[in-house]
Amino acid sequence: MRKYNVAVVGVGAVGVEMLRVLKQRQFPIHQLKVFARSRRVIEVDGESYQVEELIADSFNDIDIALFAGTEGEKGAAVTFAKAAVERGAIVIDNGADFRLKPDVPLVVPEANADDIKKHKGIIANPNCSTIQMVVALAPIHRKVGIKRIIASTYQAVSGSGSKAITQTEEEFKAWANNLEYNKELAMDQHIAFNIFPHIGSFSDLDYTTEEWKMVKETHKILHDNKIKISATTVRVPVRNAHSEAIYIETEKPISPEKVRDLLKKSPGVIVLDDPKNKVYPMPKNCSGKDEVFVGRIRKDPAVKTGLWLWVVADNLRKGAATNAVQIAEELIKNRR
Ligand SMILES: NC(=O)c1ccc[n+]([C@@H]2O[C@H](COP(=O)([O-])OP(=O)(O)OC[C@H]3O[C@@H](n4cnc5c(N)ncnc54)[C@H](OP(=O)(O)O)[C@@H]3O)[C@@H](O)[C@H]2O)c1
C-alpha cells in the first residue's frame, strides 16, 4: 500500500484532534510533519510530536496538507495554502477562507464525495454546524426533497478554539471558588451559566457569519440553492459536541418512522430515538465519536410535510478533523 507524506498545520483544538484521528483511522502515513506559528514539542495521548514553525518550504515533499490554523488574513491557509499547492501538496482546509470559492470543492463525504474529483489543489471542509446538519439531511433530501430548513444550534465552546475551552474551565473554577472572572474573554461573552446568540460576527440582515455559513455551505454541498434555509446559532456552556434542533419541510410527505428507517441505513448516522426510555443524543453520549447522532424525530402537528430532528455530533471530530481525514481517505482511494 502506498504511504503518504502528511502535514498537519495548527495544533489547537482541531489540529490535536487531527493527530488523534489520523492515528486511530490508521491513515497510511510515510512521514508526518506538524506545524504551527512557533516551534515546540507537544504531547497528545502520551505521544510526543515535534511542532515546527511553518514556512512556505515546509511543504516540499508533502503529499497532503491538513490545515487547522486560524482563519482570515494572517491565518495559516490564507498565508500558506497557495505555497503548499505550488509545491505539489493537496490542501484540505478546515477554515472558511476558501469554502465558497467556485473552484474549491466543499465536501462532506457522505453527501458529495464525487465533488473531490474537481479539486485544483484545495478542498474545503465545511463549518462544523453545517457538516452535522448535512449528514443528517442529505439522505432525506435525496429521498423526498427538502424545501425549507430552520435550524437552531446549541454549540459547544470547543468550536471556538482552545482559548475558549480555557475561558470556560476558568470561569467555572472561579465561580466554584467564589471569585470574579476578570481575564480577557476568548469568546464574545461570559459563558458560565450563560448562553449567547452570537457566533462569528453580525452580517447581512442581522444574521451572524456562522448562520450564513449554514445557509450558503448547505446550498453548495447539496447542489441546491432553492432550499430555503434560516438559522440561529447559539453558544452554550458545553465543553464539546454541538446540538441542533432542525425543522424541515419536505417536498413529498414522509413519516417519522420512514425517516428513522432511512437514517438507520445512511452512512455516518446513528439513530438514537427512544425518548420514552430517555434515549436521545446529547453532547455527553456523542463527544469523542465520529458519527452524527439523530433523535426526537417527530411530525409537525400543524404542517403535513413538516418534521423536527435533534442532531448532535462532535464538532472537533466529524465537524472538523474526522471529516478532513475522510476527504483525504477518499482522495487516496483509487491510488493504492
Ligand atoms: N473548533 C472547531 O470545532 C472547528 C470546527 C470546524 C472548523 N474549525 C476551523 O478549524 C481551524 C482551527 O480551529 P481551532 O479551533 O483548532 O483553532 P485554535 O484552537 O485557535 O488553534 C489554531 C492553531 O492554528 C495555528 N496557526 C494560526 N495561524 C497560523 C499561521 N499563520 N501559521 C501556522 N499556524 C498558525 C496556531 O498556532 P500556535 O499554536 O503556534 O499559535 C494554533 O495551533 C479554524 O479555521 C476554525 O475555524 C474549527
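No lab work stands behind these numbers, since they all come straight from the coordinates. On a predicted model such as this, the values are computed, not experimentally measured, just so you know. A quick note on method: Cβ atoms are made from the backbone with ideal geometry, for glycine too, and the neighbour counts reach across all protein chains shown.
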Give the Rg/Rh ratio for region 130-315, taking Rg as the radius of gyration of the Cα atoms and Rh as the Kirkwood radius, to two decimals. 1.01
Taking the dipole about the Cα centre of region 184-280, with the C-beta of Lys and Arg at +1 and of Asp and Glu at -1, give me whichever of L263, P237, I195 is farthest to the positive side. L263
Mind sorting K82, K117 by how few other Cβ atoms lie within 10 Å of their own Cβ, fewest first? K117, K82
Distant-in-sequence amide H partners of K147 (H built 1.01 Å from N, under 5 Å): E249, T250, E251
Restricting to lysines and to Cα separations under 25 Å from K74, and discarding same-chain partners fewer than 8 apart, the set is K33, K82, K101, K120, K163, K183, K213, K216
Computed magnitude of the charge dipole of the chain (debye, nearest 20; Cβ of K, R +1, Cβ of D, E -1): 1220
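Cut-off is 10 Å between beta-carbons; in what order do S203, S129, S58 appear when sorted fewest neighbours first?
Values: S203 12, S129 29, S58 20.
Final ranking by Cβ density, sparse to dense: S203, S58, S129.
Filter the chain for me: DSSP H helices, axial length by Cα at least 18 angstrom, mean Kyte-Doolittle hydropathy not below -0.5. List them by residue number. Provide the component values of the computation, followed by the final result.
On the way: long enough: 128-144 (25 Å, 0.89); 162-176 (21 Å, -0.81); 209-222 (19 Å, -0.95).
Correct list, ordered by number: 128-144.
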Amide H partners (placed H, <5 Å) of K33, local residues excluded: V6, A7, V8
Cα-based Rg then Dmax for the chain, in Å, read 19.9, 60
Candidate cut points under GluC sites (Glu not before Pro) in region 176-283, DSSP loop plus at most 15 other Cβ atoms within 10 Å of their own Cβ, are E180, E184, E251
If you take every residue apart from N182 with its C-beta less than 12 Å away from the C-beta of N182, what net charge results, scoring Lys and Arg +1 and Asp and Glu -1? -3
